[in-house]
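Colleague: Structure provided below as structure tokens; questions to follow.
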């Protein structure tokens, strides 16, 4: 599948071919997003984004005209709802009927989708089903469609970023018995925001967009040290933050990095507490980190201590074949070097239909 990830910092494209149970990389490319053109999951300047994407596709000679894309942001509503068991053909009608209870904007001006997660019986013996409801305003999706139209690409599927992350890290989730309830966290710290995804038995259970990310760290460093945004970005990447149990650093830039990460961790804790009140038996298992800012030195140890959970840097390229007859060693190394920021595009490209 040919996938495009429109990130605030960079636009990523990838095409995977499925071979048996594995995937082989067919093509990929990365380019910086035009300044202030994409933020918090919304495309603000479709013309500039289309121009950058068009140049990238020509540069890597990728000619597929059907792509899968993903949306995210605070306007994207993802809820697990419960409905009486019904036939597949009746599902969407039931979902549309229930949607106004969960969607805070006009249903007629939204794109609504739903997926059956499981069937079960309630205490009275009634047959029920859990449904994942997804809703997004058409006004959010339209700029994406406009960009694709300008580069002569048809949007085959519009997915959500959290679902892409689950596919990207499917090999990381614990094998659990039916009665167990282990929940894994995927934490994607991007440029303009952070996406928290809770996964249980391979299913999306909860997602939240936190409006803090790598750019906030850069701005804090730039303001504190009177530097440009670009200079602050370089310092952020070279900084090595310490956990609270280690010796406090006097380095101002490290303090700024830690300060923003502490704020992100605070918001994550709020979400975990909220989810636990709704699901008393939940047991959090581990954190899988991704996103461009997941490369900050010491971040796994720092967040592990902040959230009191083991954390590791996720590798979305695990199990993906990269043929050295097709890609140069330099291309492969460059692809691997950017792995932290490739979770969305790889997860999208893994979707089969």
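FYI, it's all coordinate maths here, none of it is from the lab. Note that the coordinates shown come from a computational prediction; the quantities given were computed from them, not determined experimentally. Quick reminder, even Gly has a Cβ in these numbers, built from the backbone with ideal geometry, and neighbours come from all protein chains shown.
Colleague: Order by neighbour count: 320, 96, 189, 296, fewest other Cβ atoms within 10 Å first, most last. Provide the component values of the computation, followed by the final result.
Modeller: On the way: 320 19, 96 13, 189 28, 296 25.
With the fewest neighbours first, 320, 96, 189, 296 line up as 96, 320, 296, 189.
Colleague: Which of 198, 182, 261 ends up with the largest GNM mean-square fluctuation for the chain, with Cα atoms connected below 10 Å?
Modeller: 182
Colleague: Would you mind getting me the FRET efficiency between residue 88 and residue 211? Use the beta-carbon distance for r and R0 = 35 Å, nearest 0.05. Before the final figure, lay out each step's value.
Modeller: Working: r = 37 Å, r/R0 = 1.06.
It comes to 0.40.
Colleague: At q = 0.07 Å⁻¹, what log₁₀ I(q)/I(0) does a Debye calculation on the Cα points of the chain give, no solvent, two decimals?
Modeller: Ignoring solvent entirely, the Cα scatterers give -0.31.
Colleague: With a point put 7 Å past each Cα toward its Cβ, work out how far residue 230 is from residue 64 in nm, to one decimal.
Modeller: 3.4
Colleague: Right, another one. Please work out the FRET efficiency for the pair residue 154 and residue 274, using the Cβ-Cβ distance as r and a Förster radius of 41 Å; give the result to the nearest 0.05. Can you show the working numbers first?
Modeller: Details: r = 39 Å, r/R0 = 0.94.
That pair, residue 154 with residue 274, gives E of 0.60.
Colleague: Once both labels are modelled 7 Å past Cα along the beta-carbon direction, what's the residue 321-residue 121 spacing in nm?
Modeller: 4.7
Colleague: Would you order 274, 172 from fewest to most other beta-carbon atoms within 10 Å of each residue's own beta-carbon? Write out the running numbers ahead of the final one.
Modeller: On the way: 274 12, 172 18.
Least to most surrounded, the residues fall as 274, 172.
Colleague: Rank 338, 22, 285 by mean-square fluctuation in a GNM of the chain with C-alpha springs under 10 angstrom and give only the top-ranked residue.
Modeller: 22
Colleague: From the mean inverse distance of alpha carbon pairs (Kirkwood) and the Cα radius of gyration, derive Rg over Rh for the stretch 170-313. All intermediate terms of the calculation are to be shown ahead of the outcome.
Modeller: Working: Rg = 16.0 Å, Rh = 15.8 Å.
For the stretch 170-313, the value is 1.01.
Colleague: Using helices alone, I'd like the mean residue ellipticity at 222 nm for the chain: each DSSP H run of four-plus residues gives -39500 (n - 2.57), total over residue count, nearest 500. Display every interim value, and only then the final one.
Modeller: Numbers: 10 runs with 121 residues, N = 353.
-10500 deg cm²/dmol, from helical runs alone.
Colleague: Sequence gap at least 6, Cα distance under 8 Å: using those rules, report the relative contact order of the chain to the nearest whole percent. It would help to have the intermediate numbers written out before the result.
Modeller: On the way: 661 pairs, mean separation 67.8, N = 353.
Worked out over the chain, it gives 19 percent.
Colleague: Among 72, 207, which comes first, then next, by fewest other beta-carbon atoms within 10 Å? Let's see the in-between values first.
Modeller: On the way: 72 27, 207 24.
Least crowded to most crowded, the residues run 207, 72.
Colleague: Of the beta bridges DSSP finds with both residues in the chain, what % are antiparallel, to the nearest 5?
Modeller: Details: 50 of 69 bridges.
About 70 percent, rounded to the nearest 5.
Colleague: Mind checking the full-extension length gain between residue 237 and residue 113? Use 0.36 nm per residue of separation minus the Cα-Cα distance, one decimal, nm. All intermediate terms of the calculation are to be shown ahead of the outcome.
Modeller: Numbers: separation 124, 0.36 × 124 = 44.64 nm, distance 3.88 nm.
Between residue 237 and residue 113, full extension yields 40.8 nm more.
Colleague: Shape call for the stretch 96-221 from the C-alpha gyration tensor, a ≥ b ≥ c root eigenvalues: rounded (a/c under 1.5), prolate (a/b greater than b/c) or oblate? Walk me through the numbers before you get to the answer.
Modeller: Values: a/c = 1.91, a/b = 1.25, b/c = 1.53.
In terms of gyration-tensor shape, oblate.
Colleague: Still on this structure, please answer the following. Would you please give the FRET efficiency between residue 352 and residue 130, computed as 1/(1 + (r/R0)^6) with r the Cβ-Cβ distance and R0 = 30 Å, to the nearest 0.05?
Modeller: Numbers: r = 23 Å, r/R0 = 0.75.
It comes to 0.85.
Colleague: Full-extension gain between residue 106 and residue 138, please, as 0.36 nm times their residue separation minus the C-alpha to C-alpha distance.
Modeller: Working: separation 32, 0.36 × 32 = 11.52 nm, distance 1.01 nm.
Full-extension gain reported as 10.5 nm.
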